[in-house]
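Asker: This is the structure I have questions about; it appears just below.
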Amino acid sequence: MCAEKNEDKSTGKAVKSEEQWASCLTPKQYEILRRKGTELPFTGKYYNEHRVGKYYCAACHALLFSSDSKFDSHTGWPSFFKPVSAGAIKEAHDRSLGMERIEVSCGKCGGHLGHVFPDGPKPTGLRYCINSESLDFKESVEKADTKKGK
Ligand code: FE
């Protein structure tokens, strides 16, 4: 995990050199988040995750997705029909590998998350196909942990 320093106060963006990212991410996380890699389907830790909670960027800890919008896409990657907010992510055209796709990256640190496809369920019709390695899940503790006021 990467500590939240090197944050640009004026933009709120997480700014680090590639050397800094490489030193605080695992090699797998670095390959996906910083080099736009893709984990093999059905190998990540969250494609079959059904607990209630929030999904944060594994690099900068920004809140990205909620279990409320997660669905079983049967693709082998965690899939969501929307991010927590439009600004949480960035989208960009990706013409690599001979395909026309829309890349999804973290709005705060620019880390690669996955792609978005127009074949998702209602209400958005979108499928945000995200690498588990790019995410850090925190289970909701509202029921079990009310004393801490969370
Ligand atoms: Fe991030």
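Asker: Expressed as a rounded percentage, what relative contact order does the range 18-138 have, with Cα pairs under 8 Å and six or more residues apart?
Answerer: 28
Asker: If I build a Gaussian network model for the chain, linking alpha-carbon pairs within less than 10 angstrom, which residue out of 107, 125, 37 has the largest mean-square fluctuation?
Answerer: Looking only at 107, 125, 37, the biggest GNM fluctuation is shown by 125.
Asker: Further, regarding this structure: What residue among 116, 104, 15 shows peak mean-square fluctuation when the chain is described by a Gaussian network model with Cα springs under 10 Å?
Answerer: 15
Asker: Would you tally the net charge around residue 116, using a Cβ to Cβ cut-off of less than 9 Å, leaving residue 116 out, and scoring K and R as +1, D and E as -1?
Answerer: Taking every Cβ under 9 Å from that of residue 116, the sum is 0.
Asker: Calculate, in nm to one decimal, what residue 43 and residue 119 gain on full extension: separation in residues at 0.36 nm each, minus their alpha carbon distance.
Answerer: Working: separation 76, 0.36 × 76 = 27.36 nm, distance 2.22 nm.
The span from residue 43 to residue 119 would gain 25.1 nm if fully extended.
Asker: When we measure straight from the Cα of residue 16, which aspartates and glutamates land under 14 angstrom away, once same-chain ones fewer than 8 places off are left out?
Answerer: 4, 7, 8
Asker: Continuing with the same structure: Past 18 Å, Cα to Cα: identify those pairs from 36/108; 54/108; 28/70; 9/108; 45/138, in the order given.
Answerer: Pairs exceeding 18 Å: 28/70.
Asker: Follow-up. What ratio of Cα Rg to 2.2 N^0.38 Å holds for the chain?
Answerer: 1.04
Asker: May I pose another question? Once you list every other residue whose beta carbon is under 15 Å from the beta carbon of residue 68, what net charge do they have if Lys and Arg are +1 and Asp and Glu are -1?
Answerer: +2
Asker: While we're here: Using the Cβ atoms and a cut-off under 12 Å, what net charge is assigned to the surroundings of residue 18, where Lys and Arg are +1 and Asp and Glu are -1?
Answerer: +2
The numbers here are math on the coordinates, done by the rules we state, and not lab data. Since the model is a prediction, treat every value here as computed from it, not as a measurement. Positions of Cβ are backbone-derived with ideal geometry, glycine not excepted, and every protein chain shown enters the neighbour counts.
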